[in-house]
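Read through the structure below, which is laid out as structure tokens, and then see the notes.
The values are calculated or read from the model by the stated rules, or taken from the named source; none is laboratory data. Note that the coordinates shown come from a computational prediction; the quantities given were computed from them, not determined experimentally. All Cβ positions, even for glycine, are placed from backbone atoms using ideal geometry, and neighbour counts span all protein chains on display.
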Amino acid sequence: MSVSAAAHVTPMFDAAHAPKPKTWFDGELIESDALQAGLTTHAMHYGSGVFEGIRAYATADGGAAVFRLPEHLERMRKGANLLGLAFDPAQVTEAVLATLRANGHRDAYIRPLAWFGEGSFGLDVEGHVPHMMVATTATQVHLNGTRARLGVSCWRRNPADSLPPLKLCGAYVNSILAKREAKSRGFDEAMFTDRAGNVVECTGANLFMVKDGNIVAIEHPDALPGITRDSLLALTGATSRMATLEELLDADEVFACGTAAEVAPISQVEEREYGTNPVTRAIAAHYQRVVRGEDASYRHWLTAV
């Protein structure tokens, strides 16, 4: 083989010598597989932690940016305060950016998590060691980017006067139960309704519906105040209000939205099937331009990595 030909041979990927992923843990970047949690970790037994799901995107200028990072960390701060966990948004901002740089991620899912660690087996959090971590991975999509099929859950969403609609770790057992039940019936995802027949949200995403060209963001006091939902309200001028399951089934289009789901068209709710979702597709395309910095009107939502 000539030297010029050899120069164009793509070297085989050597997984053994690839850089190991790093996690920011209590102020340091550490190889992820070196971290361990003690068996008396309070959050492992009782769910005493708070997290966020955040996305970074490769941007049109060749760089990368985190979408609406301050808003995510403000919501996380509220959850941490409820639990009595110390939380410094400025420190976590730097941790997020440092972890993305260390792992070389542009399109990435970001998971900051604050929790109570080692101590006794009692419910009191006092005396337990507080911890903070940030991990990043290659992009995950909650609903797999497909037209998802929703089953109406037999479970109710945690009521806001029992568990506030924040990303508290223990609260998501509710979502796990609902999703397991829906998948056992052949659906991709579960949708919560309340006892009066009003739509709440999915297990990890908010809902919108479209009727005669009018876009409605489903509102409910038990639903997480989603940051993607808030973004789409600004982008579309949608009306925000409560809606019944009957209205949702009568809609022309339904879509879910969230950090991981982005804008996910719904193909079916129970036996009701929807069409080709043209309005949803247009909204999804606009959202992609925004998160990648292609719409100058919303660049203030991006934090450069």
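List of remarks:
- Residue in segment 50-65 that is more than 23 Å from V305 (Cβ to Cβ) and either touching a Leu at 6+ places or on another chain (Cβ under 6 Å) or at pLDDT 95 or above (or both) present: yes
- Residue in segment 193-202 that is without any contact (Cβ under 8 Å) to a residue 24 or more places away in the chain and surrounded by 15 or more Cβ atoms within 10 Å (Cβ to Cβ) present: no
- Among the residues of this structure, T137 does not count as one that is touching a residue at least 12 places away in the same chain (Cβ under 8 Å), surrounded by fewer than 16 Cβ atoms within 10 Å (Cβ to Cβ), within 17 Å of the chain's Cα centre (by Cα) and assigned to a loop (DSSP other than H, G, I, E, B).
- Exclusive hit being modelled with pLDDT of 50 or more and outside the structural domain of A108 (by the TED database), set A16, A5: A16
- When R55 is tested against (1) of a type in the set (K, R); (2) part of a helix (DSSP H, G or I); (3) buried (at least 19 other Cβ atoms within 10 Å of the Cβ), exactly one condition is not met: (2).
- Of all residues in segment 94-134, those satisfying the criterion of being more than 26 Å from H45 (Cβ to Cβ), in a helix (DSSP H, G or I) and touching a residue at least 24 places away in the same chain (Cβ under 8 Å) are V96, L97, A98, T99, L100, R101, A102, N103.
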